[in-house]
Amino acid sequence: MRRGRLRPAGAALAAVLLAGCAPFAGPGAAPPAGKPARAGGQGQEMPPVLDHVRTADRVVFLTYDDEAGRDPRLTALLRERRLPVTLFLTDAVAGPAYGDFARLRSVGAGLQNHTLDHRSLRGLPYAGQRAEICGQQTKLGSRFGVRPHLLRPPHGRYDDATLRAAADCGITAVVLWRAALADDGTLAYARGEHRLSPGDIVSVTSPSRTPDLLRRIEERGLRVARLEDYLRSGPSAFEGEAEGRSGGPGRSPR
């Protein structure tokens, strides 16, 4: 990956996702993502956009958006296997069932930001994007006592204003996906080889297909790891008060 300023989202899917490779990171270490761009002209670093973590570990990362997280089969699976997955939550969808997500968190799931109302962020004014991102930071912080440091923009769509707003809300990485598991069990890849590779971030839309996916992961000699362990927040990520890609690969996750 060429080091330097992160490019804003382009019109083409490939341009969006190719911006997302992070250099090597391991558990407990923040990924050195080159020299990030600055936000708002005030010297604040923009978060990198990731669909993959460059690592020597033979691991992949499973991520789910809110509707999948409300499936009781996922709770049972996580409890049984203690899978270290990451859930991206929208308040408008997850809010009525935050108790369910508290139970998922109790069995090891990480809870991260998917905005307040699931509006497509790309093209919104900066103030609107900031309200969507910071508002959900506040909601999740109030409900669970933790402030997320990862953001998944709805539908994987973002622009430069998204990155500036995310930085201002304490987000340290914008997370997309290199592979998406559809309801029919097929894996769609955004770029590169059409097989799972170490460091891939996978979006899973159907919890019922997760056991099949786990078998495929094991067949590749891989295991599931916690994304947050490889993308830890920086020391000042949560300082201060929070205020109020064009598409993804294959079938776009929410």
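Side notes on the structure shown:
- Just one of the numbered conditions (1) of a type in the set (A, V, I, L, M); (2) more than 20 Å from Ser203 (Cβ to Cβ); (3) touching a strand residue (DSSP E or B) at 6+ places or on another chain (Cβ under 8 Å); (4) modelled with pLDDT of 80 or more is not true of Val49: (2).
- Taken over segment 61-82, residues that are at pLDDT 85 or above, crowded, with 19+ Cβ neighbours inside 10 Å and within 24 Å of Asp51 (Cα to Cα) amount to 6.
- Where helices (runs of 4 or more DSSP H) sit wholly within segment 42-135, those with at least 3 residues that are touching a Ser or Thr at 6+ places or on another chain (Cβ under 9 Å) occupy 66-69, 72-81, 98-106.
- Restricting Ala161, Ala180, Ala127, Ala131 to those that are within 17 Å of Leu50 (Cβ to Cβ) and at pLDDT 95 or above reduces the list to Ala180.
- Restricting segment 144-203 to residues that are among the aromatic types (Phe, Trp, Tyr) and within 15 Å of Ile217 (Cβ to Cβ), the residue that is surrounded by the most Cβ atoms within 10 Å (Cβ to Cβ): Trp177
- Hits in segment 88-116 (condition: touching a strand residue (DSSP E or B) at 6+ places or on another chain (Cβ under 8 Å) and either among the basic types (Lys, Arg) or surrounded by fewer than 15 Cβ atoms within 10 Å (Cβ to Cβ) (or both)): Arg105
- Tabulated pairs, segment 42-59, first crowded, with 16+ Cβ neighbours inside 10 Å, second at pLDDT 95 or above and among the aromatic types (Phe, Trp, Tyr), C-beta under 6 angstrom, 6+ apart or interchain: Asp51/Trp177; Val53/Tyr230
- Meets criteria (small (Gly, Ala, Ser), in contact with a Pro (Cβ under 6 Å, 6 or more places away or on another chain) and at positive phi) for Gly108: yes
- Arg119 being in contact with a strand residue (DSSP E or B) (Cβ under 7 Å, 6 or more places away or on another chain) and either of a type in the set (Lys, Arg) or surrounded by fewer than 17 Cβ atoms within 10 Å (Cβ to Cβ) (or both): no
The values are calculated or read from the model by the stated rules, or taken from the named source; none is laboratory data. Quick caveat, the model's predicted, so the values are computed rather than measured. Neighbour counts are summed over all protein chains in view; Cβ atoms, including those assigned to glycine, are modelled from backbone coordinates with ideal geometry.
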